[in-house]
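Before any comments, here is the structure.
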Amino acid sequence: MTNYPADFDPKLDLFFERIVDVPPNLVWKAWTEPKHLMPWFCPKPWTTVECTIDLRPGGLFYTVMRSPEGKDMPANVGCYLETIENKRLSWTNALLPGFRPAAKIEDGCLDLPFTGIIMLAPHERGTKYTAMAKHRDDFGRKTHEDMGFEHGWGKALEQLVEYVKAL
């Protein structure tokens, strides 16, 4: 049985949980250092070709993804909300660094404001990894779900685990 976080709203949020066989500190490292985030962040054959991380509340979270055809997607610019080492990471694309409200991005899937939350907990087999995406409305949640939230974020997690095992 899944234990949803207390603030989970099934009408607005997407959620998945996995047990991964690597320790929380390696998962954290892969999420918080650009050189370790870029190799796994996008489900292959997509790639992450740029990344900047200013790991503090109000700090910049920035990535550029490239399609298999070589087309760069517009930059994903966000703001960290919470950073609790080896435990919890949250960010949003609804705010720019310094908590400045973001302008609407007029490019298909990027016009999808959400808050991402990654929760890590030690587990006897490694790490209990919980991912949640919070949306402002049911349209945003449904759009993100139809884009393949669980498959895409799940595939990226598999790539993260494979990557950190090779460190």
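The values are calculated or read from the model by the stated rules, or taken from the named source; none is laboratory data. Here the structure is a predicted model, which is why all the values come from computation and not from measurement. Using ideal geometry, Cβ is built from the backbone for each residue, glycine included, and neighbour counts are taken over all protein chains shown.
A few remarks follow.
- Residues of segment 80-99 satisfying the condition of being at pLDDT below 95 and more than 13 Å from the chain's Cα centre (by Cα): Ala94, Leu95, Leu96
- Pro43 meets the conditions (1) touching a Lys or Arg at 6+ places or on another chain (Cβ under 9 Å); (2) under 12 Å from Met132 (Cβ atoms); (3) not hydroxyl-bearing (Ser, Thr, Tyr) in every case but one. The failed one is (2).
- When the residues of segment 119-167 are filtered to those that are among the β-branched types (Val, Ile, Thr) and in a helix (DSSP H, G or I), the one that is farthest from Pro5 (Cα to Cα) is Val164.
- Extreme residue, farthest from Lys155 (Cα to Cα), among residues of segment 15-61 that are among the aliphatic types (A, V, I, L, M), out of contact with any Asp or Glu (no Cβ under 6 Å at 6 or more places or on another chain) and in a strand (DSSP E or B): Ile53
- Scanning segment 77-94 turns up no residue that is assigned to a helix (DSSP H, G or I) and among the aromatic types (Phe, Trp, Tyr).
- Selected residue (only one of Ala121, Ala102, Ala75, Ala30 is at pLDDT 95 or above and touching a strand residue (DSSP E or B) at 6+ places or on another chain (Cβ under 7 Å)): Ala121
- The residue that is surrounded by the fewest Cβ atoms within 10 Å (Cβ to Cβ), among those in segment 124-136 that are charged (D, E, K, R) and modelled with pLDDT of 95 or more, is Glu124.
- Checked against the criterion of being surrounded by 17 or more Cβ atoms within 10 Å (Cβ to Cβ) and either aliphatic (A, V, I, L, M) or more than 22 Å from Asp7 (Cα to Cα) (or both), segment 101-112 has at least one qualifying residue.
- Apart from one condition, Glu69 fits all of (1) more than 19 Å from Glu145 (Cβ to Cβ); (2) in a strand (DSSP E or B); (3) acidic (Asp, Glu); the exception is (2).
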